[in-house]
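Novice: Before I ask anything, let me first share the structure, which is written out below as structure tokens.
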Amino acid sequence: MIMAEVLSMIGHIRDIPRVLKKAYDNKNEYIPQMINFFKTNDIKKVYFLGSGTSHNASLVMRNMFMDIVKVEAYAPEPNVFTYHEKTNPCNVYNNEQIAVFGLTQHGDSISTCDAIKKAKAQGHLTVAVTESVASPVTKLADETVYLLCEREEIGPETRGYSETLFQFYLIAIELAKALGRISEEEYAELDNDARKLIEDMPVVVKESEDWVNRNMDEFLKMEKSSICGYGNNWPTAQEGRLKFFETYARPCMYYEQEEQIHGPLRAYNDKNYVFMIASEGDFELKRAVEISAYYRRVFTEHVFVATCEDIEVTDKDLKYSVRTNDLLSTIIYVTPYQVLSALLCEKVGIDTKVSPIKDRSVSGHMPRD
């Protein structure tokens, strides 16, 4: 039997447009289920829980449900939820009006499964979110939403992250329409944004690759870096940092844009590489322009801004030729850091298909048969 070739990290990234289209074309596999779940149970409050990449996705999904579905939403780390969170401290809701979504792409995260167990014990409704059929989390939760990202055979998840955000954006707009939280006109605009993003994603990936290759000689000299963002793209900075650190293994920090100038700058010098996400915004976008110029003037020439907005950029920056709404922009703005991680590793001979961890006597994942 001929074995299918395992995609490389950059191969998974280049495959993102396909799985976004798959998620859109197969909405009937998961949308009616979620509409029925919310209508039947009168959900008032939701938690999105996951570790690592799934936590960063949870932060964005929380924003989607707050902004579009207009439901109270939270996204703490799973162990914070399990051991410290008071889910209904003032008894505002019935326990069954609180839904807990547990995200684990492969379905076996110990912390996420433990959080689902706690939620069930407290009488909350639970939903597993995974691509893995019959995985441990699906056996614990009341419902399962299967992701259409397909299994990633390498550790650093990219395709799964982007598809998860897109699939839950689609869930959010369909839920909001079904529950009467948005008008037909608002729904049409949000849906059109989703369809346009599918068309534009090949451009996003290509322009991200072109940006990395254009700056590759400079990137190869990088010893320490940081990524900052704001608003809906503050979680994007967190995911970008995770991808870079878990693959290229050079020190990298993440910051909310304004927090980066409160203290960390005392440690900055001309060796720092500063990556900034200049996303949609009023004050914060103007602040991004001001801060990036300040960093270049005072600390380091190694400042790289990614933006879809109409701002002045330098030759080092990434100015996309396409744009979308602020929630969906999280899929665009994570792409350059996924690509950066993949192509840098290829350039220096790091095989991201092979984990450097040999002793797995302690793990965040359940053993699988």
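Throughout, read-outs are computed from the coordinates displayed, never taken from laboratory work. Owing to the predicted nature of the structure, the values given are computational and were not obtained by experimental measurement. Cβ atoms come from the backbone with ideal geometry, glycine included; neighbour counts cover every protein chain shown.
Novice: Given +1 on the Cβ of Lys and Arg, -1 on the Cβ of Asp and Glu, and no further charges, what dipole in debye does the chain carry about its Cα centre, rounded to the nearest 20? Walk me through the numbers on the way to the answer.
Specialist: Working: 42 positive and 56 negative charges, 178 e Å.
Rounded to the nearest 20 debye, it is 860 debye.
Novice: For Lys120, give me every one of the lysines with a C-alpha distance below 23 angstrom, ignoring sequence neighbours fewer than eight places off in its own chain.
Specialist: Lys39, Lys44, Lys45, Lys86, Lys139
Novice: Can I ask one more? Given H placed on each backbone N at 1.01 Å, which residues far from Asp317 in sequence or on other chains put an amide H within less than 5 Å of it?
Specialist: Here Val305 satisfy the definition.
Novice: Picking from Ala267, Ala119, Ala306, which is most flexible by a Gaussian network model of the chain using Cα springs under 10 Å?
Specialist: Ala267
Novice: Could I ask something else about it? Among Pro136, Phe219, Ile10, pick out the residue whose Cα is farthest towards the positive end of the charge dipole of the chain, where Lys and Arg carry +1 and Asp and Glu carry -1 on C-beta, about the Cα centre.
Specialist: Positive-end residue among those listed: Pro136.
Novice: Where a Cα-Cα gap under 23 Å defines reach, which lysines qualify for Lys286, not counting those fewer than 8 residues away within the same chain?
Specialist: Counting by Cα, and skipping residues close in sequence, Lys286 has these lysines nearby: Lys316, Lys319.
Novice: With angles folded into 0 to 90 degrees, how steeply does helix 159-178 sit against the dominant principal axis of the chain? Use alpha carbons for both and round to 10.
Specialist: Once rounded, the angle reads 50 degrees.
Novice: Taking only DSSP H segments of four or more residues, each worth -39500 (n - 2.57), what value at 222 nm results for the chain once the sum is divided by all its residues, to the nearest 500 deg cm²/dmol?
Specialist: It lands at -14500 deg cm²/dmol.
Novice: Defining a contact as two alpha carbons under 8 Å apart and six or more residues distant in sequence, what relative contact order in percent does segment 202-348 show?
Specialist: Normalised by residue count, the contact order of segment 202-348 is 32 percent.
Novice: In addition: Which angle between 0 and 90 degrees, to the nearest 10, do you get for helix 184-214 versus the longest principal axis of the chain when only C-alpha atoms count?
Specialist: 40 degrees
Novice: In the chain, what percentage of the DSSP-assigned beta bridges are antiparallel, given to the nearest 5?
Specialist: 5 percent
Novice: Listed highest first by mean packing, meaning other Cβ atoms within 10 Å per residue, what order do 309-318, 200-209 come in? Intermediate values should be presented prior to the final figure.
Specialist: Details: 309-318: 14.4, 200-209: 19.6.
So the peptides 309-318, 200-209, ranked by packing, come out 200-209, 309-318.
Novice: Turning to a different aspect of this structure: For the chain, take N as its residue count and report Rg(C-alpha) divided by 2.2 N^0.38 Å.
Specialist: 0.98
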